[in-house]
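The structure under discussion appears below in the form of structure tokens.
Values in this text are rule-based calculations from the coordinates and carry no lab data. Here the structure is a predicted model, which means the values were calculated and not measured.
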Amino acid sequence: METIIKKQAMNPLLLREEVEFVINSPTTPSKNEAKDAISSKLNKSPEVIVIKKIHQKFGTEDTEVYAYVYNSKESLEKIEPKPKVKKENAAEAPAQEKKK
């Protein structure tokens, strides 16, 4: 799996680098594979990398990946939105509290 950085821009206001890179692979890489590829290329920890988009063009082996690489884990937690709770689990939690 070959990784080529197309575009790399520093965003000092949000304390991150915005990276656009291409992975040459016969299959579409998973988010974890893309994180590992960019972390080895930039010498950063995978926990400070957020993959925003993975796009493989039809008929080619090139996959375009857009990622944010934060300076620290704290800046990532402060800026990135928290994952939402699924509706099924969220509906059960209030119902259980009311029964008590």
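Numbers for the structure displayed
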| quantity | calculated |
| --- | --- |
| Extension gain (nm, one decimal) between residue 27 and residue 60, 0.36 nm per residue minus Cα-Cα | 10.9 nm |
| Rounded to whole Hz, the Karplus (6.51, -1.76, 1.60) HN-Hα couplings of segment 64-73, x for glycine and proline | 8, 10, 10, 9, 10, 10, 8, 6, 8, 5 |
